[in-house]
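Scroll down for the structure; my scribbles are underneath it.
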Amino acid sequence: MVRWVNVFAEIGEYKGQFRLWYPADARPPKDAQEACRLAALGLFYALAKNEVPGFKWRVTRNGKNGVTAEMLFTVSNNISRWVIDAPRRDENPIPGADVYIFPTIGEGKTLTPVGKMYTADELLFTPGELRRKIFQRTS
């Protein structure tokens, strides 16, 4: 069973309402910012589940860090783990994350810590493979 909430928010150039679906046994988002983070993580999940071998996904809620996701996957018989953060505008990225999902690619280029990976809501909405939508900040 699932529930849904209508969320009124601004994502990139999108201003308006979106519908967020979540498991019926989970608590609803505490505010629009958390709902937007869950929506961004959901976009990433939707692409990864079809493309990533040995895929496992877990969303975690931490009062200090907000909502993040942990993705486990297999590469050359080795299990890899990524922590995925989806900071929204006026939020600081969590330093321990491996991948950041920002509202726009411009924010990703400037706000991602050096050596970490990033993508953007606007890229996740467009057709194409997830691996072509993730970039690494080198400087």
Summed residue charge, Cβ within 12 Å of Trp57's Cβ, Lys/Arg positive, Asp/Glu negative: +3
Paramagnetic reach from Thr74 (point 7 Å along Cα→Cβ, amide N under 18 Å) across segment 33-53: 48-53
Calculated P(r) of segment 28-137 - Cα pairs past 17 Å, %: 50 percent
Label-point separation, Thr60 to Glu91 (7 Å along Cα→Cβ), nm: 1.6 nm
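Going by average Cβ density within 10 Å per residue, which order do the peptides 115-126, 69-80 take, highest to lowest?
Descending mean neighbour count gives 115-126, 69-80.
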Modelled FRET efficiency - R0 30 Å, Val114 with Asn50, Cβ distances, 0.05 increments: 0.50
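Laboratory data are not the source of any read-out in this text; all were calculated from the coordinates shown. Since the structure is predicted, the reported quantities are computational estimates derived from the model, not experimental observations. Every residue, glycine among them, receives a Cβ derived from its backbone with ideal geometry; neighbour counts consider all protein chains shown.
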